[in-house]
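The values are calculated or read from the model by the stated rules, or taken from the named source; none is laboratory data. Only a predicted model underlies this, so the values are computations on that prediction, with no experimental measurement involved. Here the Cβ is made from the backbone with ideal geometry for all residues, glycine too, and neighbour counts use every protein chain on show. Surface accessibility is based on the protein's heavy atoms, side chains included, excluding ligands, DNA and RNA. Shrake-Rupley method; radii C 1.70, N 1.55, O 1.52, S 1.80 Å.
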Amino acid sequence: MERVACIGECMMELSEHPDGTLTRGFGGDTLNTALYLARLGVPVDYVTALGDDPFSDAMIAAWAKEGIGTALIPRLANRLPGLYLIQTDEKGERRFFYWRDNAPVRQLFRLPQIRTIEAALCGADLIYLSGITLSLFDASGRDRLFDVLTRARARGVRIAFDTNFRARGWPDAALARDVYERAFQTSDIVLASVEDHQLLHGSADPDSVIERLHAAGVRETVVKLASPACHVTFGGAGEVVAAEPVSDVLDTTAAGDSFAAGYLAARRAGRSPAAAARIGHTLAGAVVRHRGAIIPQAAMPAINLAPEAP
């Protein structure tokens, strides 16, 4: 069975509790998506680089236990993974603090193993990456990434891009806008949000987001709205899909990442875009009821990925 490849960075995660104590874990947007894809039964590989330290060892072991493929992860001597800390307010909204400038993944496209990784990407079923992925690399690294995405797409690999914009990862918004436009033109599926569009373009108008994506040639779009809903478009038809209200939100970390996993798993299984969005909402609704990016296995909602009846 062909596999999904998720490209990005996983960091050590410190989650601050109301009493000031910290819980250690790990997380990163595309890693969160890869993990939830694996829990939904999707064969998935994670593509990153790590150090040779005990924390990197623990990440690899944990991912393998979850069923994530780890063969495409080079290990760099005497290096440590990045680190981030989450503070969450009483409404479940969070702030992030990062220590990641020297993370091993930033050298990914300069490593000797990159040709093997690129060959594997060109043999995948789907490649998933995010705006944060793009911010990890310098211009040369991004050029090489876009080159392999273009070659993979020419071989029938689908590309899914989640806008997931973090201003602190970019020297200026103009560069980010140019790189994002290039990503749109290289993608088959784009998961965007009005919040990201506001930060990048100064507008939170959903129609302008959809228009921009369609102008770039994106055939399938999912635009997360300010309300708990998204607008899905495929083949020229669009529909707003609302999420079920969640009253007991504890932490919104990985809400978008888990939504992406639910959506992509469902689309891969043959579900319609609207049905896939509802599945994405269901998974995200479970995730925000728990602290941290990764919820306990026992808390995973029952999700049916069987194709819809004709």
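The figures follow:
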| quantity | calculated |
| --- | --- |
| Members of the range 20-74 that are open to solvent by less than 10 Å² (accessible area, probe 1.4 Å) and hydroxyl-bearing (Ser, Thr, Tyr) | Thr30, Thr33, Tyr36, Tyr46, Thr48, Ser56 |
| Qualifying residue in the range 216-234 (condition: of a type in the set (S, T, N, Q) and open to solvent by 40 Å² or more (accessible area, probe 1.4 Å)) | yes |
| Residue identified as in contact (Cβ under 8 Å) with a residue 12 or more places away in the chain, surrounded by 14 or more Cβ atoms within 10 Å (Cβ to Cβ), part of a strand (DSSP E or B) and among the aliphatic types (A, V, I, L, M) among Ile86, Ile117, Ile132 | Ile86 |
| Leu108 touching a helix residue (DSSP H, G or I) at 6+ places or on another chain (Cβ under 6 Å) and more than 26 Å from Ala284 (Cβ to Cβ) | no |
| Which numbered condition Glu16 fails, given (1) within 19 Å of the chain's Cα centre (by Cα); (2) modelled with pLDDT under 95; (3) of a type in the set (Asp, Glu) | (1) |
| Residue in the range 83-91 that is of a type in the set (Val, Ile, Thr) and touching an Asp or Glu at 6+ places or on another chain (Cβ under 9 Å) present | yes |
| Those strands (runs of 3 or more DSSP E) lying entirely in the range 2-65 with at least 2 residues among the hydroxyl-bearing types (Ser, Thr, Tyr) and under 28 Å from Asn78 (Cα atoms) | none |
